1. Does Ala117 count as within 25 Å of Asn385 (Cβ to Cβ), out of contact with any Leu (no Cβ under 8 Å at 6 or more places or on another chain) and modelled with pLDDT under 70?
2. Taking the condition in contact (Cβ under 8 Å) with a residue 60 or more places away in the chain, open to solvent by 70 Å² or more (accessible area, probe 1.4 Å) and over 18 Å from Ile174 (Cβ atoms), does Phe231 pass?
3. Determine if region 267-290 includes at least one residue that is outside any helix (DSSP H, G or I) and surrounded by fewer than 18 Cβ atoms within 10 Å (Cβ to Cβ).
4. Only one of (1) within 30 Å of Lys250 (Cβ to Cβ); (2) buried (at least 21 other Cβ atoms within 10 Å of the Cβ); (3) of a type outside the set (Ser, Thr, Tyr); (4) at pLDDT 85 or above fails for Phe349. Which number is that?
5. How about region 297-313: which of its residues are open to solvent by less than 80 Å² (accessible area, probe 1.4 Å) and free of Cβ contacts under 8 Å to residues at least 12 places away in the same chain?
6. Looking at (1) surrounded by 14 or more Cβ atoms within 10 Å (Cβ to Cβ); (2) within 16 Å of Thr304 (Cβ to Cβ); (3) in contact (Cβ under 8 Å) with a residue 60 or more places away in the chain, which is the one condition that is false for Phe376?
7. Just one of Gly246, Gly222 is open to solvent by less than 20 Å² (accessible area, probe 1.4 Å), of a type outside the set (Ser, Thr, Tyr) and modelled with pLDDT of 85 or more; which is it?
Amino acid sequence: MAGGGAKADGAEEITLEHTPTWIVASVCSIIVVISLLFERLLHRLGKRLTKGRRKPLYDALLKVKEELMLLGFISLLLNVFQGATQKICVRESVMHHLLPCSLPAAAAKTTAHFVLAGGTRRLLAGGGASSDYCLNKGKVPILSTTAIHELHIFIFVLAVTHVVLSAVTIILGITQTRNWKYWEEKIQQNDDSAPQMIKHVQEFKFIKSHFRGHGKRWEIFGWLRSFFKQFYGSVTEEDYTTLRLGFIMKHCRGHPKFNFYNYMNRALEVDFKKVVGISWYLWAMLMIFLLLNVHGWYVYIWITVVPFILLLVLGSKMEHIITELALEVTQKHTAIQGVLVVTPSDELFWFHRPKLVLLLIHIILFQNAFEIALFFWLWVTYGFNSCILGKPVYVITRVVLSVISQLLCGYSTLPLYALISQMGSSFKKAIFDDNISQGLTNWAENARRRNRMPTTSVGDNSPIAEGIQMSNETRRESAMEQGTTRLI
């Protein structure tokens with residue numbers, strides 16, 4: 001901005017009143033066309049997901065639209081209140097505390113608002129009458145016009161980066177779990193009528209690969225093995241087969257041919273809807289970082305290192321849950337007739353809460369997206385040598401750690417979560433397909449209505465049939481009956 005100095009030279013900014021109409025129409029047309037193309041792209045993607053019966057992914061797409069709408073509203077607020085912000089005046093000394101970059105000695109003696117950009121000073125006392133309003137009082141605006149503009153661009157870049165990286169991570173995770181489809185098909189084709197032999201517990205491959213002995217020595221070895229195993233072959237065929245059987249024996253014992261792979265993918269798609277969103281606590285973490293990003297505090301280092309360490313700990317914990325399941329079997333049995341069966345339990349997880357794993361992954365992905373978005377935004381806005389980025393060696397290290405975190409989360413941590421999250425004491429709603437799930441939901445709502453209205457006649461139809469009839473979809477009714485028979 002030229003600011004007050006521009007006015008002194010007689011060169012004022014051109015307002016919309018004196019802008020040629022063809023320029024206004026052209027700029028608006030370009031913006032509208034780009035917006036419509038993006039909207040139609042999302043619409044077509046939504047139709048494809050709907051036709052493919054990928055309702056959880058369609059819900060995630062709607063969540064992305066909500067986030068984009070929220071960002072548009074934030075940008076609107078920043079623009080609307082830009083003038084009002086310029087009239088909030090503070091003393092010059094207030095601007096010399098908690099700075100992301102240290103001010104040169106000469107800056108402290110002026111009465112203008114300075115911001116460092118690429119190691120040089122830019123005077124932001126301009127802004128027309130709004131800036132003069134504070135300067136006439138011997139003060140400065142609390143936030144310059146340029147700073148407001150850069151701030152709302154950063155928020156937009158952060159949200160878009162988070163959505164894109166979350167989608168990329170989920171795609172990498174699902175791609176990695178494609179290998180498990182072959183294992184599932186192999187299990188479905190196996191003949192269960194083979195005679196059941198009695199084996200010593202140590203003869204099972206699952207036990208051999210996860211259990212070495214009892215005592216503190218072997219417990220430490222188990223944790224070390226869990227730590228390194230997340231970097232290579234995080235889930236083996238024996239792991240998948242054993243954990244799948246443990247889930248089936250606990251939650252659907254009467255259906256040994258239950259397609260665990262399809263259920264796991266449906267559950268992962270539902271969780272993706274939660275991961276792709278930006279919850280209030282993530283916005284709170286962003287505000288805390290913006291507050292603590294003070295020169296000399298090196299917060300930007302911790303914002304990279306802590307999520308990376310947390311990701312390694314989380315991967316080690318999920319790998320160690322498999323080891324704990326093997327240890328539990330060896331403690332209870334010496335020999336086993338037939339197949340090896342583990343017992344899923346919430347006690348295997350931190351604070352007995354399997355959902356805590358998804359929360360931590362959500363935080364890690366957001367922090368990683370924040371680091372990557374901050375790097376590219378500062379690089380484009382201020383240059384690679386920006387004082388906010390820090391020393392080049394720190395910048396390169398942070399970017400490398402962020403890339404490693406993203407790849408590790410997609411290829412190891414997320415597939416591990418897809419499998420280990422099923423080892424809790426309860427199953428997820430995704431165990432039913434969409435038709436059955438919708439029918440049960442309608443039945444539950446209808447049952448609540450009947451409880452509130454005791455005189456209402458139930459009629460001759462069964463409760464589940466009533467729920468499906470309320471949805472006015474005969475296709476769901478037939479799918480519901482077939483699915484119920486299949487589960488029983």
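The values are calculated or read from the model by the stated rules, or taken from the named source; none is laboratory data. Since we're looking at a predicted model, the values are computed, not measured. When we count neighbours, we look across all protein chains shown, and the Cβ atoms used for this are built from the backbone with ideal geometry, even at glycine. Accessible surface areas use protein heavy atoms only, side chains included; no ligands, DNA or RNA. Shrake-Rupley method; radii C 1.70, N 1.55, O 1.52, S 1.80 Å.
1. Values: within 25 Å of Asn385 (Cβ to Cβ): yes; out of contact with any Leu (no Cβ under 8 Å at 6 or more places or on another chain): yes; modelled with pLDDT under 70: yes.
Spelling it out, Ala117 is indeed within 25 Å of Asn385 (Cβ to Cβ), out of contact with any Leu (no Cβ under 8 Å at 6 or more places or on another chain) and modelled with pLDDT under 70.
2. Values: in contact (Cβ under 8 Å) with a residue 60 or more places away in the chain: yes; open to solvent by 70 Å² or more (accessible area, probe 1.4 Å): yes; over 18 Å from Ile174 (Cβ atoms): yes.
So Phe231 fits the description; yes.
3. Looking only at region 267-290, we keep the residues that are outside any helix (DSSP H, G or I), and these are 277-279.
Of the ones still in play, those that are also surrounded by fewer than 18 Cβ atoms within 10 Å (Cβ to Cβ) are 279.
Looking through region 267-290, at least one residue is outside any helix (DSSP H, G or I) and surrounded by fewer than 18 Cβ atoms within 10 Å (Cβ to Cβ).
4. The number of the failed condition is (2).
5. Answer for region 297-313, where residues must be open to solvent by less than 80 Å² (accessible area, probe 1.4 Å) and free of Cβ contacts under 8 Å to residues at least 12 places away in the same chain: Val299, Val313.
6. All conditions are met except number (1).
7. Numbers: Gly222 fails: modelled with pLDDT of 85 or more.
Just a single option satisfies the conditions, and that option is Gly246.
Residue-wise test of (1) among the hydrophobic types (A, V, I, L, M, F, W, C); (2) in contact with a Leu (Cβ under 9 Å, 6 or more places away or on another chain); (3) at pLDDT below 85.
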residue: Asn385; (1), (2), (3): no, no, yes
residue: Ile388; (1), (2), (3): yes, yes, yes
residue: Lys391; (1), (2), (3): no, no, yes
residue: Ile396; (1), (2), (3): yes, no, no
residue: Leu401; (1), (2), (3): yes, no, no
residue: Ser405; (1), (2), (3): no, yes, no
residue: Leu408; (1), (2), (3): yes, yes, no
residue: Tyr417; (1), (2), (3): no, yes, no
residue: Gly424; (1), (2), (3): no, yes, yes
